1. How many of the residues in region 113-133 are part of a loop (DSSP other than H, G, I, E, B) and either touching a Ser or Thr at 6+ places or on another chain (Cβ under 7 Å) or charged (D, E, K, R) (or both)?
2. Mind checking whether some residue in region 79-87 is under 25 Å from T147 (Cβ atoms), in a strand (DSSP E or B), in contact (Cβ under 8 Å) with a residue 40 or more places away in the chain and within 16 Å of the chain's Cα centre (by Cα)?
3. For the structure I just gave you, tell me whether D94 is modelled with pLDDT of 95 or more and surrounded by fewer than 20 Cβ atoms within 10 Å (Cβ to Cβ).
4. Using the structure shown, decide if S58 is assigned to a loop (DSSP other than H, G, I, E, B), at pLDDT below 95, surrounded by 14 or more Cβ atoms within 10 Å (Cβ to Cβ) and of a type in the set (S, T, Y).
5. Hey, could you check region 134-175 for residues that are among the hydroxyl-bearing types (S, T, Y) and either in contact with a Ser or Thr (Cβ under 8 Å, 6 or more places away or on another chain) or touching a residue at least 60 places away in the same chain (Cβ under 8 Å) (or both) and say which is surrounded by the fewest Cβ atoms within 10 Å (Cβ to Cβ)?
6. For region 77-124, name all the residues that are charged (D, E, K, R) and either over 18 Å from S143 (Cα atoms) or touching an Asp or Glu at 6+ places or on another chain (Cβ under 9 Å) (or both).
7. Kindly indicate the residue of region 48-78 that is under 15 Å from the mean Cα position of the chain (by Cα) and of a type in the set (S, T, Y) and also farthest from G88 (Cα to Cα) among those meeting that condition.
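The values are calculated or read from the model by the stated rules, or taken from the named source; none is laboratory data. Since the structure is predicted, the reported quantities are computational estimates derived from the model, not experimental observations. Positions of Cβ are backbone-derived with ideal geometry, glycine not excepted, and every protein chain shown enters the neighbour counts.
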Amino acid sequence: MMIASVVGAILSLVATLVASYVAANVPRTGTSTPPTSSAVPTAFPALPLTVLVPLGDSDPFHSVGPITMGSTRYRDAVILQVGNKAGGTSLRYDLGGRYTRLLATAGLGDEAPTDTVVTLSLAVDGKTVMERRIGVGQTVPVSIAITGGARLEITAKAPGADCCVSVGLADPVLT
């Protein structure tokens, strides 16, 4: 079922891009002048981050799926599994400069021990654009500018935490 929804999202994205390209580059019947530009449009439709595959150098301790944070159940989330690993857990994505903003809700899975605190960092092209300490039961709205960014890195650290604490970016959307 998960594969079907990912394939559906990808097919929808491809259909949107093809329709935009055709609309911009194919002359209408009866039109006497050709289109002025043959470039593919630069505006991309909103895309759930959950349909992108992390780059190969990302940590393997992640998943995509539902998570409950702050007593709210989210159906779609990027989930990092964090323990007491010194460098934390990181995911890296290729954005290709196509998006302007990342919107999401960040938090810890409600199953984490009550005294757990995680530091969540988001970086674009190596520059940290958001860093928050998040405790159990808290959620943090995420709205970060990523205009023209080639790489997005999500890092979660939980020094002293038992393995494995779930840190989620719920309903993550690239616009």
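1. Here is the first cut: in region 113-133, the residues part of a loop (DSSP other than H, G, I, E, B) are 113-116, 125-126.
Within this subset, residues satisfying the condition of being either touching a Ser or Thr at 6+ places or on another chain (Cβ under 7 Å) or charged (D, E, K, R) (or both) are 115, 125.
Residues meeting the conditions: 2.
2. The first filter runs over region 79-87 and keeps only residues under 25 Å from T147 (Cβ atoms), leaving 80.
Next, only the ones that are in a strand (DSSP E or B) stay: 80.
Next, from what is left, pick out any that are in contact (Cβ under 8 Å) with a residue 40 or more places away in the chain: 80.
Checking the rest, the ones that are also within 16 Å of the chain's Cα centre (by Cα) come to 80.
For region 79-87, residues under 25 Å from T147 (Cβ atoms), in a strand (DSSP E or B), in contact (Cβ under 8 Å) with a residue 40 or more places away in the chain and within 16 Å of the chain's Cα centre (by Cα): present.
3. Details: modelled with pLDDT of 95 or more: yes; surrounded by fewer than 20 Cβ atoms within 10 Å (Cβ to Cβ): yes.
Answer is yes for this residue.
4. On the way: assigned to a loop (DSSP other than H, G, I, E, B): yes; at pLDDT below 95: yes; surrounded by 14 or more Cβ atoms within 10 Å (Cβ to Cβ): yes; of a type in the set (S, T, Y): yes.
So S58 fits the description; yes.
5. Residues of region 134-175 that are among the hydroxyl-bearing types (S, T, Y), as a first pass: 139, 143, 147, 155, 166, 175.
Those still in the list that are either in contact with a Ser or Thr (Cβ under 8 Å, 6 or more places away or on another chain) or touching a residue at least 60 places away in the same chain (Cβ under 8 Å) (or both) too: 139, 147, 155, 166, 175.
Values: T139: 17, T147: 10, T155: 21, S166: 22, T175: 14.
The qualifying residue surrounded by the fewest Cβ atoms within 10 Å (Cβ to Cβ) is T147.
6. Pass one, region 77-124, residues charged (D, E, K, R): 85, 92, 94, 98, 101, 110-111, 115.
The answer is K85, R92, D94, D110, E111, D115.
7. Y74
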